[in-house]
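Chemist: Shown below is the structure under consideration.
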Amino acid sequence: MKKFLALALAVLMILTTLAFASCGKKNADFVATDAADLLKEDFGIGVKKGSPELLAAVNAVVDKWVADGTMAKYEDYYTKLSEFAEDTTGDVAKPDANGLKVTWDFGAATEAITVYTESGFAPFEFVYDGAVVGLDIAIMSEVAVNMGKKIVVKDVVFDTIPTSVQNDAGLAVAAAGLTITAERAEKMDFSNVYYSSTLVIVSAKKDPITSVKDLAGKKVGVQQGTSGDIIITAAKGDGYSYKTENDAGEEITVTVKAEGAEPKQYEKYAMALADLKAGRIDAILMDKLPALTMLSAAD
């Protein structure tokens, strides 16, 4: 009986070892690939309709920071800070803010701007030292100080954000690396563009997936309600369409299909990455900068 138990334990240990070996892929085993059939998207802060003063204040900060290079500096700083926050090896040094304001004093302000976000989208928003920080939070903190108000950050599920802003009784914004779309503009007024992004396909470095059409028959991880979710859902059906120019400079509509693709929705990209490493999905469709930030983090 003891021999049998010993043999059973030995077999279990071997199977466990094999399971960990097959699921032990590292971030470095994956690559974020620009796809020719994915186009640039523009991010804006979504402001509750009927809030012209707030919209003007957001645009004032966005326009200034884009024009004088401050936006790019914050992007770089929060990218490095997110890498520091994710590091478990002690090899990543905490970045120097180099004069950037990274804390804001709201004084005795009593009126709040509610900032709806989803914290799994570094460098735009992520959790550091117990608080949600990032480029979007910096924008809205500066707006609040300029208006003599304070911010209250609500970390919620991504696809609930537009409706949350719409239904909020007070001043409210969506600051979540949010792509400006006609559908979302029905619920919110968008600020001027503060960042332009391209979507990428995250897949195995040894055999990268380079186009939406090549996602046919693949299991594809997306964050629920994002552009990636919308695109792959359309592509698996009637097709995902976008406008571009042909060689003659004429505007044309291109439709891309990925028949048999299986979208898998996640609340956070970290969960999608875990499934990608484990082989439960074949790819992730997401924005480029957060993808690069995610893959550069220490395992």
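The values are calculated or read from the model by the stated rules, or taken from the named source; none is laboratory data. All figures in this text were calculated on a predicted structure; none of them were measured in a lab. Neighbour counts run over all protein chains shown; Cβ positions are idealised from the backbone, glycine included.
A quick yes/no check of all residues on (1) touching a Leu at 6+ places or on another chain (Cβ under 8 Å); (2) in a helix (DSSP H, G or I); (3) surrounded by 19 or more Cβ atoms within 10 Å (Cβ to Cβ):
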{"site": "172", "(1), (2), (3)": "no, no, yes"}
{"site": "189", "(1), (2), (3)": "yes, no, yes"}
{"site": "198", "(1), (2), (3)": "yes, no, no"}
{"site": "206", "(1), (2), (3)": "no, no, no"}
{"site": "210", "(1), (2), (3)": "no, no, no"}
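Chemist: Still on this model: Of everything in the stretch 53-70, what is in contact (Cβ under 8 Å) with a residue 12 or more places away in the chain and of a type in the set (A, V, I, L, M, F, W, C)? Give them in sequence order.
Modeler: Hits for the stretch 53-70 are 54, 55, 57, 58, 60, 61, 62, 65, 66.
Chemist: Pick out the one residue from 92, 145, 153, 165 that is touching a residue at least 60 places away in the same chain (Cβ under 8 Å) and under 26 Å from residue 196 (Cα atoms).
Modeler: On the way: 92 fails: under 26 Å from residue 196 (Cα atoms); 145 fails: touching a residue at least 60 places away in the same chain (Cβ under 8 Å); 153 fails: touching a residue at least 60 places away in the same chain (Cβ under 8 Å).
Exactly one residue qualifies, and that residue is 165.
Chemist: Sort through 46, 50, 120 and tell me the only one that's free of Cβ contacts under 8 Å to residues at least 12 places away in the same chain, touching a strand residue (DSSP E or B) at 6+ places or on another chain (Cβ under 9 Å) and either surrounded by 19 or more Cβ atoms within 10 Å (Cβ to Cβ) or under 27 Å from residue 182 (Cα atoms) (or both).
Modeler: Values: 46 fails: free of Cβ contacts under 8 Å to residues at least 12 places away in the same chain; 120 fails: free of Cβ contacts under 8 Å to residues at least 12 places away in the same chain.
Of 46, 50, 120, the one residue that is free of Cβ contacts under 8 Å to residues at least 12 places away in the same chain, touching a strand residue (DSSP E or B) at 6+ places or on another chain (Cβ under 9 Å) and either surrounded by 19 or more Cβ atoms within 10 Å (Cβ to Cβ) or under 27 Å from residue 182 (Cα atoms) (or both) is 50.
Chemist: A follow-up question, please. Here's a check for you: in the stretch 123-143, which residue that is crowded, with 23+ Cβ neighbours inside 10 Å and among the charged types (D, E, K, R) is nearest to residue 226 (Cα to Cα)?
Modeler: 125
Chemist: So which residues in the stretch 199-235 are in contact with a Lys or Arg (Cβ under 8 Å, 6 or more places away or on another chain) and without any contact (Cβ under 8 Å) to a residue 60 or more places away in the chain?
Modeler: If the condition is that a residue be in contact with a Lys or Arg (Cβ under 8 Å, 6 or more places away or on another chain) and without any contact (Cβ under 8 Å) to a residue 60 or more places away in the chain, then 216, 235 are the ones that fit.
Chemist: Further, regarding this structure: Go through the stretch 174-187 and give me each residue that's in contact (Cβ under 8 Å) with a residue 40 or more places away in the chain and assigned to a helix (DSSP H, G or I).
Modeler: 184, the sole residue that qualifies.
Chemist: Look at residue 213 and say whether it is among the basic types (Lys, Arg) and under 18 Å from residue 33 (Cα atoms). Spell out the reasoning first.
Modeler: Numbers: among the basic types (Lys, Arg): yes; under 18 Å from residue 33 (Cα atoms): yes.
So residue 213 passes the test.
Chemist: Yes or no: residue 156 more than 18 Å from residue 58 (Cα to Cα) and not aromatic (Phe, Trp, Tyr)?
Modeler: Working: more than 18 Å from residue 58 (Cα to Cα): yes; not aromatic (Phe, Trp, Tyr): yes.
Against the criterion (more than 18 Å from residue 58 (Cα to Cα) and not aromatic (Phe, Trp, Tyr)), residue 156 qualifies.
Chemist: Of everything in the stretch 245-286 that's at positive phi and touching a residue at least 12 places away in the same chain (Cβ under 8 Å), which residue is surrounded by the most Cβ atoms within 10 Å (Cβ to Cβ)? Explain how you work it out, then say what you get.
Modeler: Going residue by residue through the stretch 245-286, those that are at positive phi are 249, 260, 279.
Now narrow it down to the ones that are touching a residue at least 12 places away in the same chain (Cβ under 8 Å): 260, 279.
Values: 260: 10, 279: 12.
Here the residue is 279.
Chemist: Which one is nearest to residue 53 (Cα to Cα) among residues in the stretch 148-162 that are buried (at least 18 other Cβ atoms within 10 Å of the Cβ) and either at pLDDT below 95 or not aromatic (Phe, Trp, Tyr) (or both)?
Modeler: In the first step, residues of the stretch 148-162 are kept if they are buried (at least 18 other Cβ atoms within 10 Å of the Cβ); the result is 149-151, 153, 158, 161-162.
When the remaining residues are screened for being either at pLDDT below 95 or not aromatic (Phe, Trp, Tyr) (or both), the result is 149-151, 153, 161-162.
On the way: 149: 12, 150: 15, 151: 16, 153: 20, 161: 21, 162: 19 Å.
For the stretch 148-162, the residue satisfying everything is 149.
Chemist: Which residue is surrounded by the fewest Cβ atoms within 10 Å (Cβ to Cβ), if the candidates are limited to the stretch 212-244 and must be closer than 23 Å to residue 279 by Cβ and of a type in the set (Lys, Arg)?
Modeler: Out of the qualifying residues, it is 219.
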